[in-house]
1. To the nearest 10 degrees, how steeply does helix 153-165 sit against the main Cα axis of the chain, on a 0 to 90 scale?
2. Set the Förster radius R0 to 41 Å, insert the Cβ-Cβ distance between residue 1 and residue 280 as r into 1/(1 + (r/R0)^6), and round the FRET efficiency to 0.05.
3. On a 0 to 90 degree scale, rounded to 10, what angle separates helix 35-47 from the longest Cα axis of the chain?
4. Residue 76 to residue 105: FRET efficiency via 1/(1 + (r/R0)^6), r the Cβ-Cβ distance, R0 35 Å, to the nearest 0.05?
5. Determine the distance separating the Cα centre of the range 1-43 from the Cα centre of the range 51-76; give it in Å without decimals.
6. Determine the gain in length on full extension of the stretch residue 225-residue 69; use 0.36 nm per residue of separation and subtract their C-alpha separation, reporting nm with one decimal.
7. D for the chain, whole µm²/s, Stokes-Einstein with Kirkwood Rh over alpha-carbon pairs at 20 °C and 1.002 mPa s: what number?
8. Most exposed first by the Cβ proxy, i.e. fewest other Cβ within 10 Å, how do 137, 56 rank?
């Protein structure tokens, strides 16, 4: 395992694999790795000859400078998480100026409207930043497969659109959400919560379960009311949004159809930390 800081050095290291038609897996991360990230690397290492793990807090996908500043950076712990793998692991941890070639800005993308739903409504320009940085990574790493978690389900769909738009021969693989024993979705942002907040944040998962349990019994408007009630009187958690969306288009569902698949999405704040989660409903 070796850490690469420049794109040129990583390209040089990967060249023998690419020339010999070896399979390259890619796991993009912003660091502060947890078991969820490790599960992505584990799957990538099983399915490929080598794996590149990027550790880079991308400035162009943050609409809130304070959030960018406070995002956990734990490179030494991240390296320790990755040492367990016997497969060849390349860690790519560039600085922003090198990666963006001294022009730290995002390209404007049209992701067929997916970028305007949910997270796109609340984090202006977020998916342009995601698309821009991943396009840069994909062109440097040239992976056969890239692995992303379903916790960021909307982002996963964005990345699938990205490889279509940029005409990149990369298979995008979505991997299941990894949860704490409590049900709380694992997230790098959880590191910013104290024990009491971690315990209170379980409400997010519990609410999604209630929605799933009642999806056949209640209308979507009633399910919306159920969620609002769960959060209304909570002392710690503030609901930013809850939506039931068509899994394919991510458009907000008003009525249910037996022909469609749906997913429930929640974004909330606790102690100034923003947490998201989602769950398949059928």
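1. For 153-165 against the chain, the angle is about 50 degrees.
2. Values: r = 35 Å, r/R0 = 0.85.
Using R0 = 41 Å, I get an efficiency of 0.75.
3. 50
4. Working: r = 30 Å, r/R0 = 0.87.
The formula returns an efficiency of 0.70 here.
5. The range 1-43 and the range 51-76 have Cα centres spaced 17 Å from each other.
6. Numbers: separation 156, 0.36 × 156 = 56.16 nm, distance 3.50 nm.
Extending this stretch completely gives an extra 52.7 nm.
7. Numbers: Rh = 19.8 Å.
Using the Kirkwood radius from Cα pairs, D works out to 108 µm²/s.
8. Working: 137 23, 56 18.
Least to most surrounded, the residues fall as 56, 137.
No value in this document is a laboratory result; all are computed from the given coordinates. Note that the structure is a prediction, hence the values are computed from the model and not measured. Every residue, glycine as well, gets a Cβ built from its backbone with ideal geometry; the counts of neighbours run over all protein chains shown.
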